Number of protein chains: 2
Amino acid sequence: MKQAIGVIDSGVGGLTVASELMRQLPNEKLIYLGDTLRCPYGSRPEEEIKQFTWNMVHFLMEKDIKLLVIACNTATAYTLIDLQQKLDIPVIGVIQPGARAAINATKNKRIGIIGTEGTIRSNAYTKALHMINADITVISGSCPLFVPMVEKGILSGPEAYQTVNEGLQSMKDSADIDTLVLGCTHYPLIKDVIQDVVGEHVQLISSSEETARETSAILELHDLLNKDDTFFEHQFYTTGELSIFQKLTTNIFSHHLEYLSKIKIDKVSI
Amino acid sequence: MKQAIGVIDSGVGGLTVASELMRQLPNEKLIYLGDTLRCPYGSRPEEEIKQFTWNMVHFLMEKDIKLLVIACNTATAYTLIDLQQKLDIPVIGVIQPGARAAINATKNKRIGIIGTEGTIRSNAYTKALHMINADITVISGSCPLFVPMVEKGILSGPEAYQTVNEGLQSMKDSADIDTLVLGCTHYPLIKDVIQDVVGEHVQLISSSEETARETSAILELHDLLNKDDTFFEHQFYTTGELSIFQKLTTNIFSHHLEYLSKIKIDKVSI
């Protein structure tokens with residue numbers, strides 16, 4: 001199937017998922033839409049999150065995608081089931097792959113979850129973890145300042161350390177977790193800072209890698225893998241300013257330089 | 001869905017998959033059938049492998065399973081597509097999850113595959129890897145003496161080291177791989193010996209863990225997870241002698257002692 005995989009996100013965080021999709025599925029074309037203009041979604045009311053997500057989905061469905069990845073935890077928490085029921089293509093969120101990876105990783109069955117206010121308020125991770133294993137203790141907390149910081153392009157340095165330290169204080173105090181899920185696709189961009197703050201004994205789980213792996217599995221099970229080897233170009237769309245998007249794209253895809261020439265970035269309204 | 005997950009294997013190797021399923025999906029009941037009497041499948045002709053596999057499938061389908069895991073690489077190589085087309089429940093093999101994990105793990109894009117003669121002859125791993133990424137270099141070799149050794153219960157000691165050393169000689173000579181797929185579910189039982197022989201710089205991929213994770217994903221996507229919390233008992237069936245089966249079950253499940261009391265083992269003919 002030559003059609004593209006559609007990826008939606010509230011901004012640039014989903015680029016970490018796109019990067020992993022490119023690495024693990026080099027034959028697959030991506031069409032990415034980041035709603036940078038209206039980012040962050042995490043502190044918005046439920047109805048608004050649903051409406052904005054559907055706006056993005058309509059934009060991508062017109063481009064004839066074969067599978068949709070919701071690369072935003074907040075949007076996954078509030079729209080995954082609805083989208084799975086209403087679209088006739090497979091829809092993959094980022095919460096369930098992250099939950100499964102955490103269950104696989106934990107030894108003491110104590111898992112921390114950090115995310116936006118919306119994601120944490122939805123309890124989506126706790127539900128996903130407990131549906132599989134009710135014995136897991138879940139400690140969750142929101143970090144509302146992380147996304148705005150990342151969207152400004154601040155990924156390291158004193159300001160990053162201070163923000164992360166303050167944001168994770170209560171998580172560190174309740175202690176004793178051996179696994180911490182980065183329940184927001186922006187957080188892998190400040191993974192090194194988070195790891196320093198929580199300590200080496202805590203294993204960080206990034207949904208990005210896991211989501212890409214499950215996408216690969218679903219594409220194959222549904223016989224949707226691209227077997228055509230003609231040239232294609234990934235397409236990236238943003239509703240906001242091109243400059244920050246370009247900066248972060250370069251940052252995230254720096255280890256995939258070969259792809260940069262194949263990327264087209266456009267500003268759109270949805 | 002209260003129904004069980006069915007797991008078939010040519011013998012005891014699939015118990016490593018069962019063990020991971022128990023760990024990652026503690027709410028799910030398993031019905032396992034190991035065709036120990038006719039093991040190993042790996043050196044048998046294709047038609048015989050297909051017939052024996054279908055015998056096992058018929059036995060489990062009568063027990064009303066909701067999903068089938070083919071926990072044997074040789075059986076996966078020759079029957080997966082046929083079973084996926086003919087059964088009306090999801091069917092998961094061990095080759096594709098292992099291939100995806102290897103693609104995720106490799107940095108130098110050189111992946112080694114070891115398996116039975118049947119699995120290697122089928123080229124199933126090479127096909128699975130190249131369908132996703134044609135740039136991967138695959139070095140594969142069969143180790144026909146490993147399965148009979150494991151089925152005898154020899155998992156360590158001088159005889160194990162000698163057999164593994166000889167079996168992996170050509171793999172070591174062609175060198176330069178950074179990832180080695182244990183393309184047979186018996187091999188995780190001698191994983192420590194294999195790791196010693198190939199060296200710490202080579203990352204070993206066990207399909208067992210990956211297959212369990214994909215099973216978890218498929219159960220959830222198809223809304224098949226068990227939400228009932230009444231007591232259940234795992235059922236294990238073997239076509240061969242109970243003694244070796246019991247010994248290895250104890251060995252493999254030793255870190256899951258809580259499950260042992262819930263396991264029923266029977267000898268059957270299919």
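The values are calculated or read from the model by the stated rules, or taken from the named source; none is laboratory data. A quick note: this is a predicted structure, and the numbers were derived from the prediction, not measured. Cβ coordinates were reconstructed from backbone atoms using ideal geometry, including for glycine residues, and neighbour counts include every protein chain displayed. Note: areas computed on protein heavy atoms with side chains; ligands, DNA, RNA excluded. Shrake-Rupley method; radii C 1.70, N 1.55, O 1.52, S 1.80 Å.
A few notes on this one:
- Highest GNM mean-square fluctuation among A:Ser122, A:Ser142, A:Ser243, for chain A modelled with Cα contacts below 10 Å: A:Ser243.
- The mean count of C-beta atoms from other chains within 10 Å of the C-beta of residues in A:132-138, rounded to a whole number, is 3.
- Extension gain from B:Met1 to B:Val268, taking 0.36 nm per residue of separation minus the Cα-Cα distance: 93.5 nm
- Projecting the Cα atoms of A:Ser142, A:Tyr125, A:Val198 onto the dipole axis of chain A, where Lys and Arg carry +1 and Asp and Glu carry -1 at the beta carbon, places A:Tyr125 farthest toward the positive end.
- Whole-Hz couplings from phi, Karplus 6.51/-1.76/1.60, listed for the stretch B:181-186; x for Gly and Pro: 8, 7, x, 7, 6, 6
- With label points defined 7 Å past Cα in the direction of Cβ, position A:Lys152 shows copy-to-copy spacings of 6.9 nm, given to one decimal and shortest first.
- For B:217-225, mean number of other protein chain Cβ atoms within 10 Å: 4
- Pairs exceeding 22 Å between alpha-carbon atoms, taken from B:Lys152/B:Lys267; B:Lys63/B:Lys127; A:Lys66/B:Lys29; B:Lys227/B:Lys267; A:Lys191/B:Lys107: B:Lys63/B:Lys127; A:Lys66/B:Lys29; B:Lys227/B:Lys267.
- For the peptides A:79-85, A:13-19, residues were scored by their other Cβ atoms within 10 Å and the scores averaged per peptide; the highest-first order is A:13-19, A:79-85.
- If you wrap the protein assembly as shown in the convex hull of its Cα atoms and look at it from every side, the mean projected area works out to 23.9 nm².
- Between B:Lys191 and B:Ser43, the simple spin-label model (points 7 angstrom out along Cα→Cβ) gives 2.7 nm.
- Heavy-atom SASA rank of B:Met131, B:Met22 (probe 1.4 Å, accessible area, largest first): B:Met131, B:Met22
- Residues in the stretch B:139-144 carry Karplus couplings, in order, of 10, 10, x, 9, 10, x Hz; the curve used is 6.51 cos²θ - 1.76 cosθ + 1.60 with θ = phi - 60°, and Gly or Pro positions show x.
- Environment charge of A:Asn133, counting only residues whose C-beta is closer than 11 Å and scoring Lys/Arg +1, Asp/Glu -1: +1
- Nearby aspartates and glutamates by direct alpha-carbon distance to B:Lys109 (threshold 12 angstrom, same-chain neighbours under 8 apart not counted): B:Asp135, B:Asp176, B:Asp178
- For the stretch A:200-226 and the stretch A:1-78, distance of Cα centres in Å: 15 Å
- For the stretch A:12-57, a simple Cβ point-charge model (Lys and Arg +1, Asp and Glu -1, everything else neutral) yields a dipole of about 120 debye relative to the Cα centre.
- Excluding exposed DSSP-loop trypsin sites (Lys or Arg not before Pro) (at most 16 other C-beta within 10 Å), longest clean stretch of chain A: A:153-226
- Residues with amide H under 5 Å from that of B:Lys29, placed H, sequence gap 5 or more: B:Ile5
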